[in-house]
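First the structure, in the form of structure tokens, and then the observations on it.
The values are calculated or read from the model by the stated rules, or taken from the named source; none is laboratory data. Owing to the predicted nature of the structure, the values given are computational and were not obtained by experimental measurement. Note that we place each Cβ from the backbone using ideal geometry, even for glycine, and neighbour counts take in every protein chain shown. These accessible areas exclude ligands, DNA and RNA; they are computed on the full protein's heavy atoms, side chains included. Shrake-Rupley method; radii C 1.70, N 1.55, O 1.52, S 1.80 Å.
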Amino acid sequence: MSHLKHLKTTGTGSFGEGVGGRVADRLFKVTPGHDAEYALEQATVLMDCVYKMTLQSGVERDDILVWVAHYLSGMAKALVEDVAHGMMSGPVR
């Protein structure tokens, strides 16, 4: 991933609806300036947790694990979207 060496998060990735379900007012947002390679690594860790939780929730029929997996996948999605935005717009300095 040498092409990600100088790429940083842009702060555009977000998740979690705001009060009243407003998507324009997201509850969480990726902080700009972090290494993109590290952000993708963390997204991979989160998705591994999601994979394990959804498998376990399916076997045990545990609705709480489904909601936990939903929120973790939203975090991972925000990280990936943020890095993708940075890749499309160029390095942020």
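Things worth noting here:
- Here the chain is assigned +1 on the Cβ of each Lys and Arg and -1 on the Cβ of each Asp and Glu. Its dipole about the Cα centre then comes out at about 300 debye.
- Shape call, the chain: gyration tensor on alpha carbons, a/c limit 1.5: oblate
- Relative to the dominant Cα principal axis of the chain, helix 63-89 is inclined by about 10°.
- In order through region 22-27: 3J(HN,Hα) via Karplus (6.51 cos²θ - 1.76 cosθ + 1.60), integer Hz, x for Gly, Pro: 5, 7, 6, 10, 4, 7
- Residues whose amide H falls under 5 Å from that of Lys8, counting only those 5 or more places apart or on a different chain, are Ala36, Val92, with hydrogens built in the peptide plane.
- Choice from Leu27, Leu72, Leu40 showing the highest fluctuation, given a GNM over the chain with Cα pairs closer than 10 Å: Leu27
- Solvent-accessible area of Glu37 with every protein chain in place, 1.4 Å probe, in Å² to the nearest 10: 70 Å²
- Per residue value of the accessible surface for the chain (all protein chains in place, 1.4 Å probe), Å²: 70 Å²
- Of the solvent-accessible surface of the chain, computed with a 1.4 Å probe over protein heavy atoms with every protein chain present, carbon and sulfur atoms account for 61 percent.
- Converting phi to 3J(HN,Hα) with the Karplus coefficients 6.51, -1.76 and 1.60 and the offset θ = phi - 60°, region 46-54 yields 4, 5, 5, 4, 4, 4, 5, 5, 5 Hz in sequence order, with x at every glycine or proline.
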